[in-house]
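Heads up, the thing below is written out as C-alpha cells.
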Amino acid sequence: MKHPITLAGHLISPTLTGQKTQTRTPLQPQPAPIKNTWTYNLRVFATERDLRDYILDHTEPPLGQEGDLLWVRETWRYDGWTEDGLPWIRYKADDYTTFISRRRIPRKWLKKLVIIHADLLTNPDDTGHPRDKHWRSPVTMPPWASTIPLQITDVKLERLQDMTEDDARHEGYLLRSWDSLWKTAFNKRDVKGKVFSDAWDLKHSKDGLTWDKNPWVWVTHFRQV
C-alpha cells in the first residue's frame, strides 16, 4: 500500500542524501493523564507501557505499517510540455526538472492533463511558455509526479521528548531543542532554523501539541527504494 508524505522544501535534500530517515506525527486523539494513570478510548491504563501496547494493537498508524510504501509530496509546478501533451515537472526544493512518461500517468489523469495543458496555453507565463506562473502546493501533487519513493522500515509510538540528538539528525535537523545547546559547540546563530523543537512548534502550535507539552507521537522510520 502506498501513502503520501508531505515534506517541507528544506527536508528534501536530507531525504535524498539519506540523512532524514524518520518523521514524527501526533497521535490523534491524545491520551489524557489523570493522576498516575492514562485514559484513552474510554479505557484506563496504569502505565505508559500498557497504554502504548494497547494503541499499537488497536490503532492504524497514519503513514502505514512496516513494509508499506510512501511517496513524497513537495512544492512543484508544470514546467513544460512535449508535442504530444506530456508534462515536464519542476521541483522547487532543488530546482530539479524531469519528464513524466505516459506509462507513469493513469488514464484518468491523461484526460485532466489535456485540460491543464490547454489552460496553460491560453494563460502562459511571462516568457510566453505554457507553464505555471506560480508554484503548486505539495498537497496538490499527484502520485505520478513524485520522484522520491520511500519504504517504511519501522513504526513506533513514544513521547515527543523521548527523541535523542541522533533522532533529531535523522529528522533532518541538528538539535532536538534549545535545551540541548549547552551540550554542543553551537550558538543560536549557528543553529537558527535547524532546531527540531522550533520546527515542530511552528507546525503544531495551533493544535496545542507543542514540544513543551510532550505529546504522544507516531515515529515512522523509512528508507529510499
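The values are calculated or read from the model by the stated rules, or taken from the named source; none is laboratory data. Fair warning: this is a prediction, and the values are worked out from it, not measured in the lab. Quick reminder, even Gly has a Cβ in these numbers, built from the backbone with ideal geometry, and neighbours come from all protein chains shown.
Listing for the model above:
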quantity	calculated
Single unsatisfied condition, His134 versus (1) touching a Phe, Trp or Tyr at 6+ places or on another chain (Cβ under 9 Å); (2) outside any helix (DSSP H, G or I); (3) outside the structural domain of Thr59 (by TED's automatic domain parsing)	(1)
Selection within the stretch 44-100 - closer than 30 Å to Asp162 by Cα and loosely packed, with under 13 Cβ neighbours inside 10 Å	Val44, Ala46, Thr47, Arg49, Asp57, His58, Glu60, Gly67
Answer residue from the stretch 149-173, given it is without any contact (Cβ under 8 Å) to a residue 60 or more places away in the chain and crowded, with 17+ Cβ neighbours inside 10 Å and is farthest from Phe222 (Cα to Cα) among those	Tyr173
Only listed residue being under 24 Å from the mean Cα position of the chain (by Cα) and either among the charged types (D, E, K, R) or exposed (fewer than 13 other Cβ atoms within 10 Å of the Cβ) (or both), chosen from Arg136, Arg131	Arg136
Tally of residues being closer than 30 Å to Asp95 by Cα and assigned to a helix (DSSP H, G or I) across the stretch 1-59	9
Options Val217, Val195: the member that is of a type in the set (A, V, I, L, M, F, W, C), at pLDDT 95 or above and either buried (at least 19 other Cβ atoms within 10 Å of the Cβ) or under 16 Å from Gln22 (Cα atoms) (or both)	Val217
Every residue from the stretch 110-148 that is more than 19 Å from Glu74 (Cβ to Cβ), touching a residue at least 40 places away in the same chain (Cβ under 8 Å) and out of contact with any Leu (no Cβ under 8 Å at 6 or more places or on another chain)	Leu120, His129
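Results for (1) among the hydrophobic types (A, V, I, L, M, F, W, C); (2) surrounded by 13 or more Cβ atoms within 10 Å (Cβ to Cβ); (3) modelled with pLDDT under 95, shown as yes or no for each residue.
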{"position": "Ile5", "(1), (2), (3)": "yes, yes, no"}
{"position": "Leu11", "(1), (2), (3)": "yes, yes, no"}
{"position": "Gln19", "(1), (2), (3)": "no, yes, no"}
{"position": "Gln22", "(1), (2), (3)": "no, yes, no"}
{"position": "Gln28", "(1), (2), (3)": "no, no, no"}
{"position": "Asn36", "(1), (2), (3)": "no, no, yes"}
